[in-house]
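Working notes for the structure below.
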Amino acid sequence: MDFICYFVRHGQTDWNAEYRLQGQADTDINAVGRAQADGNGRRLAGLIGTPENFRFVASPLRRTRETMERIRGAMGLPPEGYETDDRLIEVHFGDWQGHTFDELELVDPGCTARRDADKWHFLPPGEHAESYEMLAARVRSFVEEIAGPTVCVTHGGVIRSIFRLTGSLGPEECSALTIPQDRILRMSDGRLEWI
(Lines give C-alpha, C1' and ligand atoms only; values in the text may rest on other atoms or scores of the structure.)
Protein backbone atom coordinates (compact mmCIF):
# COMPACT_ATOMS: atom_id res chain seq x y z
CA MET A 1 0.00 0.00 0.00
CA ASP A 2 1.40 3.39 -0.94
CA PHE A 3 -1.22 5.41 0.92
CA ILE A 4 -1.94 6.16 4.56
CA CYS A 5 -4.64 4.69 6.74
CA TYR A 6 -5.24 6.00 10.26
CA PHE A 7 -6.90 3.64 12.75
CA VAL A 8 -8.46 4.99 15.93
CA ARG A 9 -9.98 3.00 18.76
CA HIS A 10 -13.26 4.37 20.11
CA GLY A 11 -13.11 6.55 23.20
CA GLN A 12 -13.42 5.11 26.68
CA THR A 13 -16.77 3.74 27.89
CA ASP A 14 -17.86 3.09 31.45
CA TRP A 15 -17.46 -0.63 30.72
CA ASN A 16 -13.84 -0.05 29.67
CA ALA A 17 -13.23 1.74 32.96
CA GLU A 18 -14.78 -1.23 34.84
CA TYR A 19 -12.76 -3.82 32.83
CA ARG A 20 -16.09 -5.24 31.68
CA LEU A 21 -16.07 -7.25 28.43
CA GLN A 22 -18.01 -5.29 25.82
CA GLY A 23 -17.60 -7.18 22.58
CA GLN A 24 -20.60 -6.35 20.43
CA ALA A 25 -22.71 -4.89 23.25
CA ASP A 26 -23.74 -1.42 22.10
CA THR A 27 -22.34 0.94 24.74
CA ASP A 28 -21.69 4.69 24.75
CA ILE A 29 -18.48 6.61 25.34
CA ASN A 30 -18.16 8.56 28.59
CA ALA A 31 -16.70 12.00 29.35
CA VAL A 32 -13.14 10.66 29.21
CA GLY A 33 -13.94 8.99 25.88
CA ARG A 34 -15.36 12.18 24.43
CA ALA A 35 -12.18 14.06 25.40
CA GLN A 36 -10.07 11.28 23.82
CA ALA A 37 -12.09 11.47 20.60
CA ASP A 38 -11.80 15.26 20.45
CA GLY A 39 -8.03 15.03 21.04
CA ASN A 40 -7.60 12.44 18.30
CA GLY A 41 -9.61 14.66 15.97
CA ARG A 42 -7.33 17.63 16.63
CA ARG A 43 -4.29 15.40 16.09
CA LEU A 44 -5.69 14.13 12.78
CA ALA A 45 -6.47 17.69 11.69
CA GLY A 46 -2.75 18.43 12.03
CA LEU A 47 -1.75 15.27 10.16
CA ILE A 48 -4.19 15.44 7.25
CA GLY A 49 -3.85 18.43 4.97
CA THR A 50 -6.67 17.52 2.59
CA PRO A 51 -9.35 15.54 4.46
CA GLU A 52 -11.65 15.66 1.42
CA ASN A 53 -9.31 13.07 -0.18
CA PHE A 54 -9.87 10.64 2.71
CA ARG A 55 -12.49 7.95 3.17
CA PHE A 56 -13.96 7.97 6.69
CA VAL A 57 -15.37 4.65 7.91
CA ALA A 58 -16.41 3.32 11.32
CA SER A 59 -17.84 0.29 13.04
CA PRO A 60 -21.63 0.77 13.28
CA LEU A 61 -21.73 0.52 17.09
CA ARG A 62 -22.66 3.67 19.03
CA ARG A 63 -19.28 4.09 20.72
CA THR A 64 -17.41 4.10 17.41
CA ARG A 65 -19.95 6.31 15.63
CA GLU A 66 -19.85 8.97 18.36
CA THR A 67 -16.06 8.82 18.36
CA MET A 68 -16.00 9.30 14.58
CA GLU A 69 -18.47 12.18 14.73
CA ARG A 70 -16.43 13.92 17.41
CA ILE A 71 -13.21 13.34 15.44
CA ARG A 72 -14.75 14.84 12.31
CA GLY A 73 -16.15 17.77 14.29
CA ALA A 74 -12.72 18.48 15.77
CA MET A 75 -11.32 18.40 12.23
CA GLY A 76 -13.83 21.04 11.13
CA LEU A 77 -15.80 18.52 9.06
CA PRO A 78 -19.55 17.74 9.10
CA PRO A 79 -19.94 15.04 11.79
CA GLU A 80 -22.17 12.80 9.67
CA GLY A 81 -19.89 12.55 6.60
CA TYR A 82 -18.72 8.94 7.03
CA GLU A 83 -19.78 5.37 6.30
CA THR A 84 -20.03 2.29 8.49
CA ASP A 85 -18.84 -1.25 7.84
CA ASP A 86 -20.02 -4.32 9.79
CA ARG A 87 -16.63 -6.00 9.35
CA LEU A 88 -15.21 -3.44 11.80
CA ILE A 89 -17.43 -4.52 14.72
CA GLU A 90 -15.61 -5.78 17.80
CA VAL A 91 -15.01 -9.48 18.51
CA HIS A 92 -18.10 -11.18 20.00
CA PHE A 93 -17.49 -12.45 23.53
CA GLY A 94 -20.57 -14.68 23.56
CA ASP A 95 -21.98 -15.29 27.05
CA TRP A 96 -19.09 -13.35 28.56
CA GLN A 97 -20.24 -9.97 27.25
CA GLY A 98 -21.20 -7.60 30.03
CA HIS A 99 -19.12 -9.37 32.69
CA THR A 100 -15.76 -8.79 34.33
CA PHE A 101 -13.29 -11.64 34.67
CA ASP A 102 -13.81 -11.57 38.45
CA GLU A 103 -17.52 -12.21 37.87
CA LEU A 104 -16.81 -14.98 35.36
CA GLU A 105 -14.39 -16.69 37.75
CA LEU A 106 -17.16 -16.95 40.36
CA VAL A 107 -19.31 -19.09 38.05
CA ASP A 108 -16.52 -20.82 36.10
CA PRO A 109 -13.29 -21.00 38.13
CA GLY A 110 -10.22 -21.21 35.91
CA CYS A 111 -11.87 -19.66 32.83
CA THR A 112 -9.35 -16.80 32.76
CA ALA A 113 -6.39 -19.18 32.83
CA ARG A 114 -7.92 -21.31 30.05
CA ARG A 115 -8.31 -18.19 27.91
CA ASP A 116 -4.81 -16.92 28.71
CA ALA A 117 -3.27 -20.27 27.65
CA ASP A 118 -4.12 -19.47 24.00
CA LYS A 119 -5.91 -16.14 23.94
CA TRP A 120 -5.77 -15.72 20.15
CA HIS A 121 -7.63 -18.97 19.43
CA PHE A 122 -9.83 -19.12 22.55
CA LEU A 123 -13.57 -19.30 21.85
CA PRO A 124 -15.78 -18.07 24.69
CA PRO A 125 -18.99 -19.97 25.39
CA GLY A 126 -22.25 -18.86 23.84
CA GLU A 127 -23.96 -18.22 20.56
CA HIS A 128 -22.16 -15.91 18.09
CA ALA A 129 -18.90 -16.02 20.12
CA GLU A 130 -15.69 -15.44 18.16
CA SER A 131 -12.01 -16.03 18.74
CA TYR A 132 -9.49 -13.39 17.71
CA GLU A 133 -8.53 -15.72 14.85
CA MET A 134 -12.14 -15.64 13.62
CA LEU A 135 -12.21 -11.85 13.99
CA ALA A 136 -9.02 -11.50 11.93
CA ALA A 137 -10.63 -13.55 9.15
CA ARG A 138 -13.58 -11.10 9.17
CA VAL A 139 -11.32 -8.04 9.18
CA ARG A 140 -9.01 -9.35 6.43
CA SER A 141 -11.32 -8.47 3.54
CA PHE A 142 -11.75 -4.92 4.86
CA VAL A 143 -7.98 -4.39 5.07
CA GLU A 144 -7.42 -5.90 1.62
CA GLU A 145 -10.02 -3.56 0.11
CA ILE A 146 -8.46 -0.33 1.44
CA ALA A 147 -7.67 1.49 -1.78
CA GLY A 148 -6.84 5.02 -0.72
CA PRO A 149 -6.29 7.38 2.20
CA THR A 150 -8.61 6.33 5.04
CA VAL A 151 -9.56 7.22 8.60
CA CYS A 152 -11.07 4.24 10.40
CA VAL A 153 -12.66 4.22 13.86
CA THR A 154 -12.97 0.75 15.27
CA HIS A 155 -12.27 -1.45 18.33
CA GLY A 156 -9.31 -2.89 20.21
CA GLY A 157 -9.80 -6.42 18.86
CA VAL A 158 -9.94 -5.18 15.27
CA ILE A 159 -6.69 -3.24 15.74
CA ARG A 160 -5.06 -6.37 17.23
CA SER A 161 -6.20 -8.19 14.07
CA ILE A 162 -4.58 -5.53 11.89
CA PHE A 163 -1.24 -6.10 13.63
CA ARG A 164 -1.63 -9.83 12.91
CA LEU A 165 -2.77 -9.40 9.30
CA THR A 166 0.18 -7.16 8.44
CA GLY A 167 2.58 -9.72 9.91
CA SER A 168 3.84 -7.18 12.42
CA LEU A 169 3.35 -9.48 15.41
CA GLY A 170 2.55 -13.12 16.16
CA PRO A 171 -0.74 -14.31 17.68
CA GLU A 172 0.48 -14.25 21.28
CA GLU A 173 1.89 -10.74 21.00
CA CYS A 174 -1.24 -9.46 19.24
CA SER A 175 -3.60 -10.89 21.82
CA ALA A 176 -1.57 -9.29 24.63
CA LEU A 177 -1.40 -5.82 23.06
CA THR A 178 -2.79 -2.88 24.96
CA ILE A 179 -4.67 -0.71 22.47
CA PRO A 180 -4.78 2.93 23.62
CA GLN A 181 -7.85 5.09 23.13
CA ASP A 182 -5.97 8.39 23.02
CA ARG A 183 -3.52 7.60 20.21
CA ILE A 184 -3.68 6.95 16.47
CA LEU A 185 -2.25 3.97 14.60
CA ARG A 186 -0.82 4.91 11.21
CA MET A 187 -0.48 2.26 8.51
CA SER A 188 1.75 3.28 5.63
CA ASP A 189 3.47 0.96 3.14
CA GLY A 190 2.27 -1.96 5.25
CA ARG A 191 4.08 -0.64 8.35
CA LEU A 192 2.29 0.24 11.58
CA GLU A 193 3.25 3.10 13.91
CA TRP A 194 1.52 4.64 16.94
CA ILE A 195 1.41 8.44 16.79
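Key figures
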item	result
Those residues of the range 148-173 which are within 17 Å of L88 (Cα to Cα) and without any contact (Cβ under 8 Å) to a residue 60 or more places away in the chain, in sequence order	R160, S161, F163, R164, L165, T166
Meets criteria (modelled with pLDDT under 95 and surrounded by 21 or more Cβ atoms within 10 Å (Cβ to Cβ)) for S175	yes
Any hit, the range 13-21, residues being of a type outside the set (V, I, T), surrounded by 16 or more Cβ atoms within 10 Å (Cβ to Cβ) and in contact with a strand residue (DSSP E or B) (Cβ under 8 Å, 6 or more places away or on another chain)	no
Meets criteria (modelled with pLDDT of 95 or more and crowded, with 16+ Cβ neighbours inside 10 Å) for R34	yes
Check on L123, surrounded by fewer than 18 Cβ atoms within 10 Å (Cβ to Cβ), more than 14 Å from the chain's Cα centre (by Cα), at pLDDT 95 or above and not basic (K, R)	yes
Among (1) outside any helix (DSSP H, G or I); (2) surrounded by 17 or more Cβ atoms within 10 Å (Cβ to Cβ); (3) touching a residue at least 40 places away in the same chain (Cβ under 8 Å) - the single one G98 does not satisfy	(2)
Hits in the range 37-57 - residues which are at pLDDT 95 or above, over 14 Å from the mean Cα position of the chain (by Cα) and among the small types (G, A, S)	G39, G41, A45, G46
Index of the failed condition, G11 passing every other in (1) closer than 30 Å to E127 by Cβ; (2) in contact with a helix residue (DSSP H, G or I) (Cβ under 7 Å, 6 or more places away or on another chain); (3) not in a loop (DSSP other than H, G, I, E, B)	(3)
Enumeration of residues in the range 101-136 that are small (G, A, S) and more than 30 Å from I48 (Cα to Cα)	G110, A113, A117, G126, A129, S131
Any chance G23 is part of a loop (DSSP other than H, G, I, E, B) and under 19 Å from D85 (Cβ atoms)	yes
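Matching residues to (1) hydroxyl-bearing (S, T, Y); (2) surrounded by 14 or more Cβ atoms within 10 Å (Cβ to Cβ); (3) in contact with a strand residue (DSSP E or B) (Cβ under 6 Å, 6 or more places away or on another chain); (4) over 14 Å from V158 (Cβ atoms):
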{"position": "F54", "(1), (2), (3), (4)": "no, yes, yes, yes"}
{"position": "A74", "(1), (2), (3), (4)": "no, yes, no, yes"}
{"position": "P79", "(1), (2), (3), (4)": "no, yes, no, yes"}
{"position": "L88", "(1), (2), (3), (4)": "no, yes, yes, no"}
{"position": "L104", "(1), (2), (3), (4)": "no, yes, no, yes"}
{"position": "D108", "(1), (2), (3), (4)": "no, no, no, yes"}
{"position": "E130", "(1), (2), (3), (4)": "no, yes, no, no"}
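The values are calculated or read from the model by the stated rules, or taken from the named source; none is laboratory data. Just so we're clear, the structure is a prediction, and the values are computed from it rather than from any experiment. So basically every Cβ, Gly included, is an ideal-geometry build from the backbone, and we count neighbours across all protein chains shown.
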